[in-house]
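J.: One structure follows; several queries about it will come next.
The values are calculated or read from the model by the stated rules, or taken from the named source; none is laboratory data. Just so you know, these numbers come straight off a predicted model, no measurement behind them. Because the Cβ atoms are built from the backbone with ideal geometry, glycine has one as well, and the counts that use them run over all protein chains shown. With ligands, DNA and RNA removed, areas are computed over all heavy atoms of the protein, side chains included. Shrake-Rupley method; radii C 1.70, N 1.55, O 1.52, S 1.80 Å.
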Amino acid sequence: MGAEKKEREPMFSPKNLKLVTKPLNLNNPITVQVLGICSALAVTAKLKPAIVMSISVMVVLAASNVVVSLLRNGIPQRIRIIVQLVVIATMVILVDQVLKAFVYDISKQLSVFVGLIITNCILMGRLEAFAMGNKPWPAFLDGIGNALGYGLILIIIAFFRELFGSGTLFDYQVIPQALYDIGYKNNGLMILPPMALITVGVIIWIQRNRNRELIEK
Amino acid sequence: MQEIFNIFIKSIFVDNMVFAYFLGMCSYLAVSKTVNTSVGLGLAVVFVLGITVPVDYLLNEYILKPGALSWAGAEFADVDLSFLSFILFIAIIASMVQLVEMIVEKFSPSLYASLGIFLPLIAVNCAILGGSLFMQERDYQSVGQATAFGLGSGIGWFLAIVGIAAIREKIRYSNVPPALRGLGITFIITGLMGIAFMSFLGIKL
């Protein structure tokens with residue numbers, strides 16, 4: 001028959017590692033692929049919810065990527081969106097119940113946005129673009145990479161919003177009382193939604209200045 | 001009646017889906033390059049929200065809430081099916097979007113062609129699922145209130161996307177710094193529009 005055994009890609013080959021590192025900058029889901037914007041803006045008023053959200057998205061994305069990748073050859077073309085939605089929804093329900101059980105007060109802060117992970121475009125986007133056409137291990141790495149890129153931007157936004165908006169980081173008072181005494185006031189606008197949008201705009205500005213190839217014509 | 005009107009106006013201006021809650025941003029950013037496609041997508045969103053929120057309200061009221069199943073018999077009185085909300089809401093939304101797709105294809109094939117993939121993507125538009133989830137969280141008292149909320153949210157989203165599309169069309173002739181062109185400046189303008197919409201917070205109805 002003369003069929004050659006295809007060389008198995010080593011687990012941590014450069015090609016696989018790139019799946020994890022590229023979404024951190026050049027293929028960042030939020031600033032380059034324009035996915036997952038809604039939750040990135042809504043939960044970043046403080047660092048704690050932002051981190052819990054990033055971890056939740058990472059779990060859902062990695063798990064869904066693996067499941068869809070395992071099923072990819074058996075999903076009929078016409079109902080693939082529905083199958084993807086069901087996989088994502090199941091993972092999110094699980095994560096939601098775990099959050100409610102172990103970190104109830106943060107899950108209250110996140111409120112509907114945990115449920116909205118289902119419609120988070122990063123999930124549908126990566127499932128369609130990657131998991132449907134790749135093996136489970138690369139799909140898993142792609143999920144982790146994109147979730148890390150997403151989490152990175154969330155943490156940057158939340159860092160500035162919490163620091164300037166409430167003077168705290170992780171609810172610890174960081175700006176010393178001495179500054180408040182001489183007249184420094186927390187910038188209340190940073191906690192409000194519009195500043196989240198402007199912060200992301202500035203992050204995109206800085207990122208595109210450093211990576212000229214991302215600039216649109 | 002007063003309450004319904006209150007909810008309607010609040011959900012358009014004060015609780016605007018885009019500026020206060022950032023829902024539906026992905027299609028908002030992607031489709032707002034021209035006013036025509038934005039109007040089409042905006043109307044589709046109004047329609048879908050206006051139908052799915054009341055239907056999900058009825059679903060929540062009579063099947064999902066804790067204690068909702070008591071009309072089926074006393075032994076069901078403490079059944080809590082709310083964990084099924086996500087899947088059931090999405091199912092309703094997906095079917096409504098399929099319906100809208102068929103209607104648009106029949107009555108306006110050019111709009112259907114120009115919207116392309118974004119019409120079926122309304123199903124995963126966070127604004128639609130968000131509308132139902134907010135309705136569930138805020139515990140409205142009647143179908144009328146739920147409908148007012150659904151229509152109002154849709155109209156608020158419509159206003160936002162048509163507004164930003166109009167601005168983006170004009171801004172093409174301005175001297176935007178290269179790194180801000182396209183996505184960056186859209187974010188900043190949306191933020192400024194958000195600050196403007198905050199002026200509605202003072203409305204007392």
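J.: Going through A:R161, A:R208 one at a time, which residue ends up being closer than 26 Å to B:C126 by Cβ, surrounded by 19 or more Cβ atoms within 10 Å (Cβ to Cβ) and in contact with a Pro (Cβ under 9 Å, 6 or more places away or on another chain)?
T.: Exactly one residue qualifies, and that residue is A:R208.
Conditions tested, residue by residue: (1) farther than 24 Å from A:R210 by Cβ; (2) among the small types (G, A, S); (3) within 13 Å of chain A (Cβ to nearest Cβ); (4) open to solvent by less than 30 Å² (accessible area, probe 1.4 Å).
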| position | (1), (2), (3), (4) |
| --- | --- |
| B:A148 | yes, yes, no, yes |
| B:I155 | yes, no, no, no |
| B:A160 | yes, yes, yes, yes |
| B:I164 | yes, no, yes, yes |
| B:V176 | no, no, yes, yes |
| B:I189 | no, no, yes, yes |
| B:F197 | yes, no, yes, no |
| B:G202 | yes, yes, no, no |
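J.: For B:R181, state whether it is of a type in the set (K, R) and either closer than 15 Å to B:V31 by Cα or within 11 Å of chain A (Cβ to nearest Cβ) (or both). Write out each step before concluding.
T.: Numbers: of a type in the set (K, R): yes; either closer than 15 Å to B:V31 by Cα or within 11 Å of chain A (Cβ to nearest Cβ) (or both): yes.
Yes, satisfied.
J.: A further question on this structure: Report every pair of residues separated by at least 6 positions or lying on different chains whose Cβ atoms are under 7 Å apart, first residue within the range B:3-27 and away from every other protein chain (no Cβ under 11 Å), second at pLDDT below 85 and outside any loop (DSSP other than H, G, I, E, B).
T.: Close Cβ pairs satisfying both conditions: B:F13/B:F200; B:V14/B:F200; B:V14/B:L201.
J.: Which of the residues spanning the range A:180-192 are closer than 27 Å to A:P49 by Cα and of a type outside the set (K, R)?
T.: Matches in the range A:180-192: A:Y180, A:Y184, A:N186, A:N187, A:G188, A:L189, A:M190, A:I191, A:L192.
J.: Of all the residues that make up the range A:166-184, how many are surrounded by 15 or more Cβ atoms within 10 Å (Cβ to Cβ) and touching a strand residue (DSSP E or B) at 6+ places or on another chain (Cβ under 7 Å)?
T.: Count: 1.
J.: Within the range B:107-123, is there a residue that is among the aliphatic types (A, V, I, L, M), within 11 Å of another protein chain (Cβ to nearest Cβ) and in contact (Cβ under 8 Å) with a residue 40 or more places away in the chain? Spell out how you get there, then give the answer.
T.: Restricting attention to the range B:107-123, the residues satisfying the condition of being among the aliphatic types (A, V, I, L, M) are B:111, B:113, B:115, B:117, B:119, B:121-123.
With the extra rule that they be within 11 Å of another protein chain (Cβ to nearest Cβ), the set shrinks to B:117, B:121-123.
Of the ones still in play, those that are also in contact (Cβ under 8 Å) with a residue 40 or more places away in the chain are B:121-122.
Yes.
J.: What are the residues in the range A:185-217 that are more than 20 Å from A:L47 (Cβ to Cβ), more than 7 Å from chain B (Cβ to nearest Cβ) and either in contact with a strand residue (DSSP E or B) (Cβ under 7 Å, 6 or more places away or on another chain) or not in a helix (DSSP H, G or I) (or both), if any?
T.: Passing the criteria: A:K185, A:N211, A:K217.
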